[in-house]
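Novice: Just passing along the structure, written as structure tokens.
The values are calculated or read from the model by the stated rules, or taken from the named source; none is laboratory data. Just so it is clear, the model here is predicted, and its values are computed rather than measured. Backbone-built Cβ (ideal geometry, glycine too); neighbour counts: all protein chains shown.
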Amino acid sequence: MTRDQPIELKAGGTNAIGRTLGLLADEWTLLVLRQALSGETRYSQFKEALPISNSVLTSRLTRLTEQGLLERHVYQDRPVRAEYLTTRRSRTLSVGMLTLSDWEKRWTPDGIGDEAVARHPACGRDASPVLTCRACRMPATARDVVAEWGPSGSWRRSSPEAVTRRRPELRVGATTSLESRQAMMLFGDRWSAAVICAAFRGVRRFTDFEANLSAPPAVVSHRLKVLGSIGVLTATQDGQRSHRAEHRLTEKGHGLFPVLSAFGDWSERWFAAPEGPALIQTHRPCGERFLPRFRCGHCEGTLPDTDLR
Ligand SMILES: [Zn+2]
Ligand SMILES: [Zn+2]
């Protein structure tokens, strides 16, 4: 695999969305990656920053290296010591990681006061990302963007391709600093991430989530409950039958659109299905294909897609 080239996917197989969910929708993977993008390279630095076990850290570093997001570089022979360097593939996730922490800052009750901020190199201010349309340069929200499946798109092909053994349950309830990181928690779980993606595609009912995601009913109902308790989805009852309830994105839920846009753009850039993209979006106001571009909330300059530390 050439690190700067997209990974070629098999015709008819899991598409870019499913591969990205399978690879990144894992809480430890996101946390390790965030530390790596903030400049940490050594095993001991990751251990110091995260309450992570040796086996979990080793498995995540190995997988990130196999997938071309980190590069293992031996800097000492006896004893062997290696460092893990970011690659272009992982550095282009910088803006996506920034949208995650920006959402947390806006929508998590306790905020994240002591969080190191990413600076926009051009103006030196806290790089608060504003999602805009690459074609017309106007700010964009989920309500202005229409999505349709592209040639490699379908529910089946977008289903998260599991690459790690999962925790049995998604944790709920903010008790430690890590657990109060709602965005990490939501996108660190492949099923809750998949439910959020489906909600943005207009899926509302339990049975449709279940059928479209090919997920076990208990998993779907648990994730809907968590997303409801966090206030990302709200359920409207239709009659007395809970399975007929409609689950709709709240304002807080709609606030996740920049996150989906950033990670969606990354996925199509780095995973190439032979048929073409999984999703084709149109920006309604200008009528052009919607591709995200992020600009700085302070100076309005374009944020680089890499190296926002
Ligand atoms: Zn536009
Ligand atoms: Zn700026």
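Novice: Determine, yes or no, whether residue 261 is touching a residue at least 12 places away in the same chain (Cβ under 8 Å), among the small types (Gly, Ala, Ser) and within 16 Å of ligand 1 (Cβ to nearest atom).
Specialist: In short, yes.
Listed here are the residues, each with its yes/no results for (1) within 16 Å of ligand 1 (Cβ to nearest atom); (2) at pLDDT below 90; (3) within 19 Å of the chain's Cα centre (by Cα); (4) of a type outside the set (D, E, K, R).
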{"position": "104", "(1), (2), (3), (4)": "no, yes, yes, no"}
{"position": "140", "(1), (2), (3), (4)": "yes, no, yes, yes"}
{"position": "176", "(1), (2), (3), (4)": "no, yes, no, yes"}
{"position": "190", "(1), (2), (3), (4)": "no, no, yes, no"}
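Novice: Among (1) modelled with pLDDT of 90 or more; (2) basic (Lys, Arg); (3) touching a Phe, Trp or Tyr at 6+ places or on another chain (Cβ under 9 Å); (4) more than 16 Å from ligand 1 (Cβ to nearest atom), there is one condition residue 248 misses while meeting the rest; what is its number?
Specialist: For residue 248, the exception is condition (3).
Novice: Does residue 144 satisfy the condition of being within 16 Å of ligand 1 (Cβ to nearest atom), charged (D, E, K, R) and at pLDDT 90 or above?
Specialist: Considered against the rule, which asks whether it is within 16 Å of ligand 1 (Cβ to nearest atom), charged (D, E, K, R) and at pLDDT 90 or above, residue 144 comes out as yes.
Novice: Which one is farthest from ligand 2 (Cβ to nearest atom), of the residues in the stretch 288-303 that are out of contact with any Ser or Thr (no Cβ under 8 Å at 6 or more places or on another chain) and closer than 14 Å to residue 124 by Cα?
Specialist: 302
Novice: With respect to residue 39, is the statement that it is at positive phi and in contact with a helix residue (DSSP H, G or I) (Cβ under 6 Å, 6 or more places away or on another chain) true?
Specialist: Answer is no for this residue.
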